[in-house]
Amino acid sequence: MSVPVITADELTLIRGGRQLCTGCTVTVPATELTVIAGPNGSGKTTLLEALAGLREPAGGGVRQLVDPPFGYLPQRPSFRGGFTVIETLRHYRQFTPRGRGLSPEDVLAKVGLTGRDGDPVDALSGGMTRLFALAVALIGDPAVLLLDEPMSGLDPQMRDAIVGILRAERDRGRAVVMVTHALETISPIADHVVLLGGGGTTRTGPLAQLLEETDTGGLADLYRSVTESDL
């Protein structure tokens, strides 16, 4: 495993008065794609928010070992109406450190939205909004991407495009952390796994190692195996 970019030790996470995680310990490796998976309500989004520094844990601590900004895509992205795609990207671009970041045109090309720069953001479809939210997450050329269900609501062709984008970001040295239920789609490029359930981290480690330990053939099979036995 490569060196860590984020570590979380003995986290206690609470959302809406409900304790979701006790003793969660997670390491996010650099230059790898980490998948966070678990049943609905197991705390996947809350954990991602804690890793991003957007939610204070009730116990334990998170250490971010690389400089921000991080690229973050929320589960339900939304943008202020009345502005175009290019205007919105330029707005977010101004908050990146001087000398860093991608041009709006380049980042739109990355996510397959070339030619949509003049579209109003509030006129984008649900799938297009998610692709645009990924563009916003990428605009600062971050060392760490934290993505909550980036393929939700996308058709198979768009899902394949997202897999290609994430593979390219991983291969150019970025750490990618994602919450997803699209386990079969992401399995070919996943490196590291965090499985949540039962109030904590049930299994975590390199995907290849966990597949060997559980005698399973892919991320979806691993999830089903662990769900049946541990969650």
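The values are calculated or read from the model by the stated rules, or taken from the named source; none is laboratory data. Everything numeric here is computed off the predicted structure, so don't read it as measured data. Cβ placement follows ideal geometry from the backbone for every residue including glycine, while neighbour counts extend to all protein chains displayed. The accessibility values were calculated without ligands, DNA or RNA, using every heavy atom of the protein model including side chains. Shrake-Rupley method; radii C 1.70, N 1.55, O 1.52, S 1.80 Å.
Quick one: count up the residues across region 6-34 that are under 15 Å from the mean Cα position of the chain (by Cα), among the hydrophobic types (A, V, I, L, M, F, W, C) and open to solvent by 10 Å² or more (accessible area, probe 1.4 Å).
The number of residues fulfilling the criteria is 1.
In region 66-82, which residue that is over 17 Å from ASP148 (Cβ atoms) and within 17 Å of the chain's Cα centre (by Cα) is modelled with the highest pLDDT?
Checking each candidate, the answer is VAL66.
Which of the numbered conditions does ALA168 fail, given that it passes all the others? Conditions: (1) part of a loop (DSSP other than H, G, I, E, B); (2) open to solvent by 40 Å² or more (accessible area, probe 1.4 Å); (3) closer than 23 Å to ALA37 by Cβ.
(1)
Find the residue count for region 109-121, including only residues that are assigned to a helix (DSSP H, G or I) and open to solvent by less than 20 Å² (accessible area, probe 1.4 Å).
Qualifying residue count for the region: 1.
Tally the residues that are β-branched (Val, Ile, Thr) and either farther than 21 Å from LEU48 by Cα or in a loop (DSSP other than H, G, I, E, B) (or both), restricting the search to region 198-222.
Of the residues in that region, 2 qualify.
Between a residue in region 14-43 that is farther than 20 Å from THR180 by Cβ and any residue that is charged (D, E, K, R) and open to solvent by 10 Å² or more (accessible area, probe 1.4 Å), which pairs come within a Cβ distance under 8 Å, given they are 6 or more apart or on different chains?
Close Cβ pairs (under 8 Å, with a partner that is charged (D, E, K, R) and open to solvent by 10 Å² or more (accessible area, probe 1.4 Å)) amount to GLY23/GLU10; THR25/ASP9; THR25/GLU10.
Please go through region 171-181 and pick out each residue that is open to solvent by 10 Å² or more (accessible area, probe 1.4 Å), within 26 Å of PRO69 (Cβ to Cβ) and not charged (D, E, K, R).
GLY173
Among the residues of region 108-128, which ones are over 18 Å from SER78 (Cα atoms) and either modelled with pLDDT of 95 or more or under 21 Å from the mean Cα position of the chain (by Cα) (or both)?
Within region 108-128, ALA109, LYS110, GLY112 meet the criteria.
Sort out which residues of region 134-147 are under 21 Å from VAL85 (Cβ atoms) and either open to solvent by 40 Å² or more (accessible area, probe 1.4 Å) or touching a helix residue (DSSP H, G or I) at 6+ places or on another chain (Cβ under 8 Å) (or both), and write them in order of number.
Within region 134-147, LEU134, ALA135, VAL136, LEU138, ILE139, GLY140, LEU145, LEU147 qualify.
For region 122-129, state whether one or more residues are in a loop (DSSP other than H, G, I, E, B) and open to solvent by 40 Å² or more (accessible area, probe 1.4 Å).
Within region 122-129, one or more residues are in a loop (DSSP other than H, G, I, E, B) and open to solvent by 40 Å² or more (accessible area, probe 1.4 Å).
Restricting to region 53-64, count the residues that are open to solvent by 60 Å² or more (accessible area, probe 1.4 Å) and without any contact (Cβ under 8 Å) to a residue 40 or more places away in the chain.
Within region 53-64, residues that are open to solvent by 60 Å² or more (accessible area, probe 1.4 Å) and without any contact (Cβ under 8 Å) to a residue 40 or more places away in the chain number 2.
Which count do you get for residues in region 129-160 that are of a type in the set (A, V, I, L, M) and at pLDDT below 90?
The number of residues fulfilling the criteria is 2.
Pick out the one residue from ASP106, ASP67 that is open to solvent by 80 Å² or more (accessible area, probe 1.4 Å) and part of a helix (DSSP H, G or I).
Checking each option against the conditions leaves just ASP106.
Given the conditions (1) over 13 Å from the mean Cα position of the chain (by Cα); (2) among the acidic types (Asp, Glu); (3) assigned to a helix (DSSP H, G or I), which single one is not true for ASP141?
Status for ASP141: all satisfied but (3).
Which of the residues spanning region 30-66 are β-branched (Val, Ile, Thr) and under 26 Å from GLU184 (Cα atoms)?
THR31, THR34, VAL35, ILE36, THR45, THR46
Looking only at region 144-165, count how many residues are of a type in the set (Asp, Glu) and assigned to a loop (DSSP other than H, G, I, E, B).
Result for region 144-165: 2.
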